[in-house]
Amino acid sequence: MTKPQATQADDLTGLFNRKAFLAELSAALSYAKLNNHEAPFSVALIDIDQFYGLNERYGHVGGDNILEAFSQIVQDIVGEDAIPSRYGGDEFAIILP
């Protein structure tokens, strides 16, 4: 998994933040266009269903623990070249080359 620099990292999860994700996505699109679309990639968008209810039930600390655990699961399963990010709140996005 590609590691973000400090300014690119989400404070809670350590994954790429939304701004860094969008920059990486733009770079991947540009690279694909320059290479006659012979550099394919996929983008996965993930949302934790009913997260608001979990936050209400376990509080913000519990919600943060869930987000941290989920981000660790994402890091454990994506490939070395993947770019996982916390897109916002309970939303995650991954660039998979």
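The values are calculated or read from the model by the stated rules, or taken from the named source; none is laboratory data. Model, not experiment: these values are computed from the prediction. Neighbour counts are summed over all protein chains in view; Cβ atoms, including those assigned to glycine, are modelled from backbone coordinates with ideal geometry. The accessibility values were calculated without ligands, DNA or RNA, using every heavy atom of the protein model including side chains. Shrake-Rupley method; radii C 1.70, N 1.55, O 1.52, S 1.80 Å.
Scanning region 11-25 for any residue that is open to solvent by less than 60 Å² (accessible area, probe 1.4 Å) and polar (S, T, N, Q) turns up at least one such residue.
Summed over region 25-42, the residues that are farther than 18 Å from Thr2 by Cα and assigned to a helix (DSSP H, G or I) give a count of 4.
Contact map, region 83-97: residues that are over 14 Å from Leu25 (Cβ atoms) and without any contact (Cβ under 8 Å) to a residue 40 or more places away in the chain paired with residues that are open to solvent by 10 Å² or more (accessible area, probe 1.4 Å) and not small (Gly, Ala, Ser), Cβ distance under 8 Å, separation 6+ or inter-chain. Pairs shown: Gly89/Phe51.
Here Ser85, Ser71 are screened, and the one residue that is among the small types (Gly, Ala, Ser), in a helix (DSSP H, G or I), at pLDDT 95 or above and under 13 Å from the mean Cα position of the chain (by Cα) is Ser71. Residues that are within 11 Å of Thr13 (Cα to Cα) and among the small types (Gly, Ala, Ser) were ranked within region 53-87; the one that is surrounded by the fewest Cβ atoms within 10 Å (Cβ to Cβ) is Ala69. Within region 26-40, the set of residues being under 15 Å from Ala82 (Cα atoms) and open to solvent by less than 60 Å² (accessible area, probe 1.4 Å) comprises Ala27, Ala28, Ala39. Among the residues of region 4-24, the ones that are within 10 Å of Ser85 (Cα to Cα) and not in a helix (DSSP H, G or I) come to 8 in all.
For region 88-97, the tally of residues that are open to solvent by 60 Å² or more (accessible area, probe 1.4 Å) and closer than 18 Å to Asp49 by Cα stands at 1.
Against the definition (at pLDDT 95 or above, of a type in the set (Asp, Glu) and under 15 Å from the mean Cα position of the chain (by Cα)), how does Glu80 come out, yes or no? In short, no.
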